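Asker: So that we are looking at the same thing, I have put the structure below in structure tokens.
Quick note: the coordinates plus some simple rules give every number you see, no bench work behind them. It should be emphasised that the depicted structure is a prediction, and the values quoted were computed from it without experimental measurement. Please note: Cβ atoms are built from the backbone with ideal geometry, for glycine as well, and neighbour counts cover all protein chains shown.
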Amino acid sequence: MGHFKQSLAVRLAILIVLGAGLVLLVVLTFSHVSLRRLFVQQVHERGDILTRSAVNRIESRMGRAEATVREAAAAFALLAEGRDQAQALIRASLADHTGLSGMTIALAPSGAPRSDHRMFSGWRRDSAILLRQDDLPGNSFQQDWFYLPYYLQRPVWTEPYYDNQTEATMVTYAVPILRQGQVWAVVSGDISLEWIRNMLDELPLGAGGLAILLSRRGHYISHPVRELEMRETVFSLAESLATPAARKSMADIGRRMLLGQPGQLSYRRPLDDRPAFLHYRPVPSSGWALGVVIPEQQVIATTLRLNRINGLVGLGGMSLLLIAALGVGWSVARPLKKLATAADRLAQGDFDAPLPAIRSRDEVGRLNDSFARMRVDLRRYITELTATTAAKEKIASELAIAREIQLGIVPKLFPAFPNRSDLDLYARLVPALEVGGDFYDFTLLDDNHLYIAIGDVSGKGVPASLMMAVGKTLLKSVIQTVRDPAQALKQVNDELAEDNDSCMFITAFCGILNLQSGDLIYANAGHNPPLLLRSGQDVTMLEAPPGPALGAMAGGCYESCSMQLAGDDLLLLYTDGVTEAMDPEHKLFGDERLLQTARGHRDVPARSLIEAVDAAVRQHAGSADQSDDLTLLAVRYRVESGRAVVAGEAGADPPVAVLSLLNRLPELARLTGWVKEQAQAFGLPAQAAMHLNLALEEWLVNIISYGYCDDHEHLINLRLWADAQRLRIEVEDDGQPFDPTARGEVDTGAALEDRQVGGLGIHFIRQTMDDFNYRREQNRNIVTLSLLRREAESTGEEGSC
């Protein structure tokens, strides 16, 4: 069974059949949708034709009845008012028009005083015509057939009614006869509605279809449920339904049908909640409305029947396709199976295993030829690989020896100076490859001067390790002679730049610490600035004028800087393998994480600090491979210097810089230059300057775009104060009052469609500035933005020599 599941022929056949099945499914789906649309259109056309035809038949019959009654009224108006004349007229009219069930001639109470009758009626029973005279028709004068034409003085159709005499549902057409502007007689003709019921029952509406006929007041004249006829209106039936939705639906349908306009709609039948199509049309002469209901199930059933036939045909075709696909698959899989057996033996090292004899020149034949060539190539490759592996093992052994030699070049015995209590020093180097290009170094130049250095060679591997060895040795040799870090870097640079055909270079930091006074003299050759950890203060970066990397170009200039370490101050030197360590998503460890780690371990021994930084880098990198050498050196000066440094506070001075801009967007270019100039003047780091420029630009764009109701020019004034603690800028404008601090915080965690529009600019200002205030004075908006200089220093971008 497992072999059957893995058979190429079976999988190929299944894939072909699945593809064909998907195509068949798409075709059946398209066929279903298209057929349903077509059948729905046909249902609408059939419903329109049926309602139009039925209405025309009703109109035709009622029109003939109207003509007969009008002719009788005209004839009676010309005849004498006697009993015999009325009787003869009724008998002749009923005989000529078989559609009339009865006729009545009634004289008005005040008309024809000399007549020998008041009302004469005739009706049809089987084939006979029966007549009746009523000389006291008091109640008849109150019925619609007499009352409506008498007072309206025009012909009318009455509402349908049940006639006890004929035991049938009837409708009456009545015509008044006027003399001198008054009605003196009414002639009416009755029509039985049984023929309408029979006609509607015979309509070809299909299974579940029905036809209804409503009077102008909504009474059911004809309905499949006979108990509703002449007893219920569409609106009273709606009120009896169980749910408000069903009641509203039926009432709306009744109102639409009685508007006197034809139409059609798709709806859910209120009585059984099944979908259906309704076609309705008015009967103009009587004000009735005819409706035809066709269940949607008729359309679905027809569509499903056709789809079932198409599906069976498709399945038959797929069965034939499966047989053909299996045949093709087996013809392809048979030689491949033999070839797979031979390949298994080749994989086990049996290069003498015979390959199947395949004479065809198709893909299988070419594959067999490829296996034959591969067998020869594998034999040769394994021979060469054996020799190469032996050579690589020799190289790996030599690299391991080189690693030991490299690590032996840097000091690795700790504690470095066990007899000195004024120093706590520790260092660590972890190459990314077997050998690397980082180095650190330290030594006592004499009893009172400690030399420290760290460096990073461009590149990795053996070339970098050789360059490192040369650079470290040169720098240590020169520093013992010149005792000046800047001069030592210059001499080493000139030496390395000479005949540097490989164009490799070294970034380095070196310094000399006076162990008596705590004075540190240092210089930087393009290296990462060390961290300075002072007790009770924030961690800062030790900046120095950047000099060129060693060996890049002869004649480079370097500058020595100096500072004094207080008791228990710690200096942390590191290479970019720390800050540029990447996690699996290629995110850098970065300066900020290094600063945070140092802040949390400022009072621990030098070794503990380095181990904490190393652990933080490894935790950040996770499963990612080490991308660069990682080197750290920490030295803590334990002797109290006895000096105290007190920072002065700036007084309430006038602004040190001002800028006036017009309320025009091109003026923002001047803002950028002004901020850059002030940032350089006050030693503001690049990142803090960028945040300040973006915050000011965001607020000025708001003022220019939304602050003014006219197109006139307005001045926007900027004033800057600076002291040792902070930079403060006021922005003043004469635009419309607007307090940005009154706006709520933006929920940046919400989905985009759920966020309130706007507010991100103000959110950015709040996040980047230390203080953001607003006040309204003398019809002017004044916004104050403040940036703490200590916050700027914590970014690691500010320092001095």
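Asker: List the residues of region 312-344 whose backbone N lies under 14 Å from a point placed 7 Å from the Cα of Leu378 along the Cα-to-Cβ direction.
Answerer: Correct set: 339-344.
Asker: Describe numerically, in nm with one decimal, the distance between label points set 7 Å from Cα along Cα→Cβ at Leu152 and at Arg305.
Answerer: Placing both labels 7 Å along Cα→Cβ, they lie 4.7 nm apart.
Asker: Which semi-axis lengths, in whole Å and largest first, follow from the square roots of five times the eigenvalues of the Cα gyration tensor of region 33-310?
Answerer: Output for region 33-310: semi-axes of 44, 19, 15 Å.
Asker: A further question on this structure: So which chymotrypsin sites (Phe, Trp or Tyr not before Pro) in region 281-360 pass both tests, a DSSP loop state and at most 13 other Cβ atoms within 10 Å of the Cβ?
Answerer: Phe351
Asker: Positive end of the dipole of the chain, charges at C-beta (+1 Lys, Arg; -1 Asp, Glu), about the Cα centre: which of Leu413, Thr768, Tyr440 has its Cα farthest in that direction?
Answerer: About the Cα centre, the residue reaching furthest to the positive side is Thr768.
Asker: Can you compute the modelled spin-label distance between Glu585 and Leu445, with each label point 7 Å from Cα toward Cβ, in nm?
Answerer: Label at Glu585, label at Leu445, 4.7 nm between them.
Asker: Where does each of 664-675, 515-526 land if you order them by average Cβ count within 10 Å, highest first?
Answerer: Top of the packing list down: 515-526, 664-675.
Asker: Loop-only GluC sites (Glu not before Pro) in region 109-210, please: DSSP not H, G, I, E or B, and at most 15 other Cβ atoms within 10 Å.
Answerer: For GluC sites (Glu not before Pro) across region 109-210 that sit outside H, G, I, E and B with at most 15 neighbouring Cβ atoms in 10 Å, the list reads Glu167, Glu202.
Asker: Using a 7 Å offset from the Cα along the Cα-to-Cβ direction at both Leu312 and Asn773, what is the distance between the two label points in nm, to one decimal?
Answerer: Taking the simple label geometry, Leu312 and Asn773 are separated by 8.9 nm.
Asker: Quote the charge dipole size of region 412-637 about the Cα centre in Debye, to the nearest 20; the model charges only the Cβ of Lys and Arg (+1) and of Asp and Glu (-1).
Answerer: The dipole magnitude comes to about 460 debye.
Asker: Explain nothing, just the number: relative contact order of the chain, from Cα pairs under 8 Å at least 6 residues apart, as a whole percent.
Answerer: Reported as a whole number, the value is 8 percent.
Asker: Under 15 Å from a point 7 Å along the Cα-to-Cβ line of Ser236: which residues of region 243-259 have their amide N that close?
Answerer: none
Asker: OK, next. May I ask which residue of Ala276, Leu100, Leu312 lies farthest towards the positive end of the charge dipole of the chain, with charges of +1 (Lys, Arg) and -1 (Asp, Glu) on Cβ and the Cα centre as origin?
Answerer: My answer, from the dipole projection, is Leu100.
Asker: Further question: Placing +1 at every Lys and Arg Cβ and -1 at every Asp and Glu Cβ, with all other atoms neutral, what dipole size does the chain have around its Cα centre, in debye to the nearest 20?
Answerer: Computed charge dipole of the chain: roughly 5360 debye.
Asker: Karplus couplings for region 215-225 from phi (6.51 cos²θ - 1.76 cosθ + 1.60, θ = phi - 60°), rounded to Hz, Gly and Pro as x?
Answerer: 6, 5, 9, x, 5, 6, 7, 9, 7, x, 8
Asker: Using mean Cβ contacts within 10 Å as the protection proxy, how do 313-323, 495-505, 95-105 order, highest first?
Answerer: Highest to lowest by the protection proxy: 95-105, 495-505, 313-323.
Asker: Same structure again: Per the helix-only calculation at 222 nm, which mean residue ellipticity applies to the chain, given -39500 (n - 2.57) for every DSSP H run of n ≥ 4 and division by its residues, nearest 500 deg cm²/dmol?
Answerer: Using -39500 (n - 2.57) per qualifying helix, the result is -14500 deg cm²/dmol.
Asker: Compute the Cα gyration tensor for region 169-305, then decide on rounded, prolate or oblate, letting a ≥ b ≥ c be the square roots of its eigenvalues: rounded whenever a/c is under 1.5, prolate when a/b is larger than b/c in the other cases, and oblate in all that remain.
Answerer: Prolate, since a/c reaches 1.5 and a/b exceeds b/c.
Asker: If you don't mind, another one. Rounded to two decimals, what is Rg over Rh for region 474-536 when you use alpha-carbon atoms and the Kirkwood radius?
Answerer: Taking Rg over the Kirkwood Rh, I get 1.06.
Asker: Starting from the Cα gyration tensor of region 412-637, take the square roots of the eigenvalues, sort them a ≥ b ≥ c, and report rounded, prolate or oblate (rounded when a/c is under 1.5, otherwise prolate if a/b is larger than b/c, else oblate).
Answerer: It is oblate, given that a/c is not under 1.5 and a/b is not larger than b/c.
Asker: Along the charge dipole of the chain, pointing to its positive end and built from +1/-1 on Cβ of Lys, Arg, Asp and Glu, which listed residue (Gly471, Ala343, Met62) has its Cα farthest out?
Answerer: After comparing all options, I get Met62.
Asker: Here's another thing I want to ask about it. Let me know the charge dipole size of region 499-604 about its Cα centre in debye, to the nearest 20, where only the beta-carbon of Lys, Arg (+1) and Asp, Glu (-1) is charged.
Answerer: With Lys and Arg at +1 and Asp and Glu at -1, about 220 debye.
Asker: By average Cβ neighbour count within 10 Å, what is the ranking of 561-574, 367-380, 776-789, 220-233 from highest down?
Answerer: Listed from highest to lowest mean packing, they are 561-574, 220-233, 776-789, 367-380.
Asker: Fully extended, how many nm does the chain gain between Asp711 and Gln487 (0.36 nm per residue separation, minus their Cα-Cα distance)?
Answerer: In short, 74.4 nm is gained.
Asker: Once a ≥ b ≥ c are taken as the square roots of the eigenvalues of the Cα gyration tensor of the chain, is the result rounded (a/c under 1.5), prolate (a/b larger than b/c) or oblate (a/b not larger than b/c)?
Answerer: oblate
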